[in-house]
Structures are given as structure tokens and as C-alpha cells.
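The values are calculated or read from the model by the stated rules, or taken from the named source; none is laboratory data. All of these numbers come straight from a predicted model, not from anything done at the bench. Ideal geometry is used to build each Cβ from the backbone, glycine not excepted, and the neighbour counts take in all protein chains shown. Side chains are part of the model used for accessible areas, which takes the heavy atoms of the whole protein and leaves out ligands, DNA and RNA. Shrake-Rupley method; radii C 1.70, N 1.55, O 1.52, S 1.80 Å.
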Amino acid sequence: MTSFKTPSRTRTRALALTALGLAASLCGVSAQAQSCGLNNGKKATGQPIPVGAVVGKTGPDDFSASAGAAAAYFNCVNSNGGIHGRPVDYQVADDQWNPEVAAQVASKLVKDRKVVAMAGNTSFVECGANARLYAQENVMVVAGTGVPRECFFARNYVPLNAGPRVSATIATMYAARQYKAKKIVCVIPNIPSLGNWACEGPKEWGRKNGVEVQTLTIDPGSADPTSVVLQAAAQKPDAILFDVPKGLLVPMLGAAEQQGLGRKIRFLSAAPAYNVEVPKSIGAYWKDNFDTNLEFQPLESKGPDNQNWLAVMDKYGKKDDPRDTFSQAGYLAARLLTETLLKMDPQKIERASVTEALRQVADFRSDILCKPFHIGAGQRHNANNSGPMARSNGAGWTPTEPCLQADDPELADVRADAQKLGQK
């Protein structure tokens, strides 16, 4: 994997390796530890295939786990035959949570490095900054984790995750059913195209089902944790739902504990809380008192894909790389792109042909996903719109609910596209 420096900083580090492997090799060999690509144990030495990613690594929180996972997976692919002998040259850039930097580094990847596709992107700002560029240059982005609305409303941007709106809607549905919550405060960063949109999913569901949902937007760069939780609690809700990165979430739960709010109000989170370290970080106070949505199956799932993800991470990733839901997303993004490339003539892999091949993806399956995934020729993409729930047990997570499908009318067009492709 290679990296390059951003125009505004002297460093853009290559992202941490995190990840992944196929449940079964793409040649049909049964699943094994570190299985990926051709799974032949031969190092790829042919002409490299340039693939890129843009992530928000340095800023309010490190949001790079998806690309780190994709990097590890591509390293595994390159050690196992590559794309019929051609290695993947994976190039990752840090947007520093800055739209201007995001535009600059994406242009360098697309126009200068001439990537054939992007995979594992994860950012709060790059979708809005770069969606037009990707469409104009005919580059498909198989993103690990999309966040703002633009990530899910662009023809050339395909997130593998469910997204903050779907995740928050599922958590809201769960809070109403599990805890009889009738009033919920949704806490969200005031990033453009995120706050109002992400919490509007819970609001729309609430309006149909007798649940009042209020939005509390916060500045992710300067929000005081105590002030945030007190503002939310002042609304006298039955539940407070966080839809913030885990770097912001943990201190907010710490502040809620100091104020004794966890014994008065139910606390839940969208998918960013789902990390193996979070239950230990927030402590015993939150045992059986904090629930989160999962955009994918549990991290400890025994499914062959999930087990192979962990095996590849152990061999090709760094020890301190996150083993979280965003890493699972990066695995899926890298696997989907690899699977697509392996079906192509390796001598005819170029941007236009890769884009066309990705648009043909109609039934991508993994035991990490609740349902089959599709890309298709639609004008936008949000095919992953189901997910489980889990509760902190003080040391880890206890699954509490299997896959729930978000009841959000905004998904009507996505589900219609799926039906056209033969999915139910």
C-alpha cells in the first residue's frame, strides 16, 4: 500500500492495516484462515491495479478503520495471486475532516494516480466534496462507511454500511419496543447534511408510531460532554440516542454517569458505539444499561466470512487496529471489489470497465450482512438497511435482537431497485 502527502500537511499516513478475507476463496476453495483472492499463496508481481480511498483520519476522531481493513485485505490478496497475477496498489489519503483537503486528495487519486475505483472510503466530509468529481470522472466508490446524506444519494458512491439515518431509525424502533420509550432525544454532530437528515429517520418513524423524537445537534470539535448530556436530559426524554463517533460518545457517557442520568434515562447509540473496547471503556455502570445498533452481524459471529476477517486481520493488520463494525465494512468493500475484478479479463481492467462491472453487482452475499447486497444502476445506494441490536454487559456486547429492517419511507426507491434485481 502506498500513500501521498496532502497539500496542507506534510504527512498523510498510509492507513492501519485491518482486515479481512473471504469465507470461501473466490475460486471456490473452502474457507481457511487468511483466505482471500485466488488463495494460491503466490505473490502477485504483474502490473499494479491502482485503487484509492479517502478517509478522515486526523481530526475530531480517527475515522479510518474501514480503509485500514481494506488495506489488510488487499495485502492478503496480493500475497495470494492478486487479480490473476496483478497486485492491487491501494492508495489512501487523509482528508483531515476538511472538505477542501478532501477535494484536493480525491483529485490527486482520480486524476493523477488514475485509480480504477475507490474502496473503503470513510469520511464525514468527502461525499459532499467529491460526489460530482466521481460522477464526472466515472469512478465508482465502494465505500466502507458512509456518513452524510450525500454518501447515500450519489450514483457513483456505494456505502457498505447502513448509515447514520438507518442505524438511528433501527435503534429508535428498538427503544420504543424494548423500553416503551415515547420521547427520545437524538444527538448528532452539526455537520452539513448529517444532523437534520440522520435524525429525521427516527422522527418520521416516530410520527407514524406515536413516539416524539427531538434533535440535539452538537459541534464535534468543541462540544462539552457534560453540557451535551444535560441539554439532552433537560428535554425529559425516556431515552437518549447518540449518533456520534465513539471518540465523542465515551466521554459523553462518562458525563452522564457523573450526573447519575443512566438510572433515570435509557441510553442507546447508532452503530459507531459498536466496538469491542467501548463496554470496557464506559465501565460497569453501563452494564445492561446501554444498547447499540449493529450495521452488520456481531463481531464475534461464527460465520465463515466473519472468522476469516479476524484471521486476515491477525496476519495482515496491526495489533492496535480496530476490530469493529467499520473494519467489517472495509472487509466487505474490499471483498466486493476483489470479487468483481476477478471476474474480469485482467488485461482489460480499466476505469470504465470496472465501473460497468460494479454496476452489474446484483446479489453480493456475506454472513456479515443481514441481507444480500446490490449496486445496480440506480441513482443512489443504501442497500444495507437492516441490522441487529446489542447491549453492553460490562466487558463486551450481548446480542439482544436479530436483524431489524429500518421502517423508513426514504428507502422506498432502494427497495424497489432491489426487487427489480430479483431480491425480496
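Determine the shape class of region 86-135: with a ≥ b ≥ c the square roots of the Cα gyration tensor eigenvalues, call it rounded for a/c under 1.5, and otherwise prolate if a/b is greater than b/c, oblate otherwise. It comes out prolate by the Cα gyration axes. Each 5 Å bin from zero up to the one holding the largest Cα-Cα distance in region 364-424 carries the following percent of pairs: 4, 16, 23, 21, 15, 9, 7, 4, 1. Taking other residues whose beta carbon is less than 13 angstrom from the beta carbon of Thr398, and scoring Lys, Arg as +1 and Asp, Glu as -1, yields -2. Estimated from helical segments only, the mean residue ellipticity of the chain at 222 nm is -10500 deg cm²/dmol, where each DSSP H run of four or more residues counts as -39500 (n - 2.57). Cross-linked pairs Lys42/Lys315; Lys57/Lys315; Lys42/Lys343: Cα-Cα separations exceed 21 Å for Lys57/Lys315. Relative contact order of region 71-182: 17 percent, from C-alpha pairs under 8 Å at least 6 residues apart in sequence. Convex hull volume per residue, computed on the Cα atoms of region 219-370, equals 169 Å³.
Remind me, relative contact order of region 250-324 in percent, using alpha carbon pairs under 8 angstrom and six or more residues apart?
Numbers: 48 pairs, mean separation 24.5, N = 75.
Computed over region 250-324, the figure is 33 percent.
Our estimate of slack between Thr400 and Lys183, defined as 0.36 nm per intervening residue step minus the Cα-Cα distance, is 76.0 nm. Using a ≥ b ≥ c from the Cα gyration tensor of the chain (square roots of the eigenvalues), is it rounded, prolate or oblate, where a/c under 1.5 gives rounded and otherwise the larger of a/b and b/c decides, a/b for prolate? Prolate. Full extension of the chain between Asp363 and Met344 gives 5.1 nm of extra length, using 0.36 nm per residue less the Cα-Cα distance. Can you give the FRET efficiency for Lys236 and Asp407, using 1/(1 + (r/R0)^6), R0 = 25 Å, r = Cβ-Cβ distance, to the nearest 0.05? Efficiency, rounded to the nearest 0.05: 0.45.
Computed from phi, the 3J(HN,Hα) profile of region 133-150 under the Karplus parametrisation 6.51, -1.76, 1.60 (θ = phi - 60°) reads 4, 4, 5, 5, 8, 6, 9, 8, 10, 8, 6, x, 9, x, 10, x, 4, 4 Hz, with x in place of Gly and Pro.
Antiparallel as a % of all DSSP beta bridges within the chain, to the nearest 5? Can you show the working numbers first?
On the way: 13 of 49 bridges.
Close to 25 percent.
Global dimensions of region 337-398 from alpha-carbon coordinates: Rg and Dmax equal 16.6, 52 Å. Among 175-185, 71-81, 117-127, sorting by the average number of other beta carbon atoms lying within 10 angstrom of each residue, highest first, gives 117-127, 71-81, 175-185.
Measuring max minus min along each principal axis, the C-alpha atoms of region 285-326 give extents of 35, 23, 15 Å (largest first).
Classify region 115-236 as rounded, prolate or oblate, taking a ≥ b ≥ c as the square roots of the eigenvalues of its Cα gyration tensor: rounded when a/c is under 1.5, otherwise prolate if a/b is larger than b/c and oblate if not.
Numbers: a/c = 2.92, a/b = 1.84, b/c = 1.59.
Note, shape of region 115-236 comes out prolate.
Taking the Cβ of Val158 as the center, what net charge do the other residues with Cβ under 11 Å away carry, scoring Lys and Arg +1 and Asp and Glu -1? Display every interim value, and only then the final one.
Values: positive: Arg155, Arg359, Arg380; negative: none.
Result for the neighbourhood of Val158: +3.
With Cα atoms defining each centre, region 281-335 and region 123-183 are spaced 19 Å apart in the structure.
Roughly how many percent of the accessible protein surface of the chain is carbon and sulfur, given a 1.4 Å probe and a whole-percent answer? Show your work: numbers first, answer last.
Working: 7430 of 15430 Å².
It is 48 percent, rounded to a whole number.
The residues packed around Gly376, meaning those with a beta-carbon under 13 Å from its beta-carbon, carry a net charge of +1 if Lys and Arg are +1 and Asp and Glu are -1. The mean sequence separation of alpha-carbon pairs under 8 Å and at least six residues apart, normalised by the residue count of the chain, gives a relative contact order of 20 percent. In plain terms, the chain from Gln104 to Lys319 could stretch by 74.3 nm, reckoned as 0.36 nm per residue minus the Cα-Cα distance. Computed over the alpha-carbon pairs of region 209-292, the distance histogram in 5 Å steps reads 3, 14, 30, 28, 18, 6, 2 percent, short to long. Expressed as a fraction of 2.2 N^0.38 Å, the C-alpha radius of gyration for region 165-230 is 1.12.
Note on region 61-103: percent of Cα-Cα distances in each 5 Å bin, starting at 0 and stopping at the bin with the largest distance, equals 6, 21, 21, 18, 13, 11, 8, 2. Taking θ as phi - 60° and the Karplus parameters 6.51, -1.76 and 1.60, the scalar couplings of region 310-327 work out to 5, 5, 5, 4, 4, 8, 10, x, 8, 4, 8, 5, x, 10, 9, 5, 6, 5 Hz in sequence order, x denoting glycine and proline.
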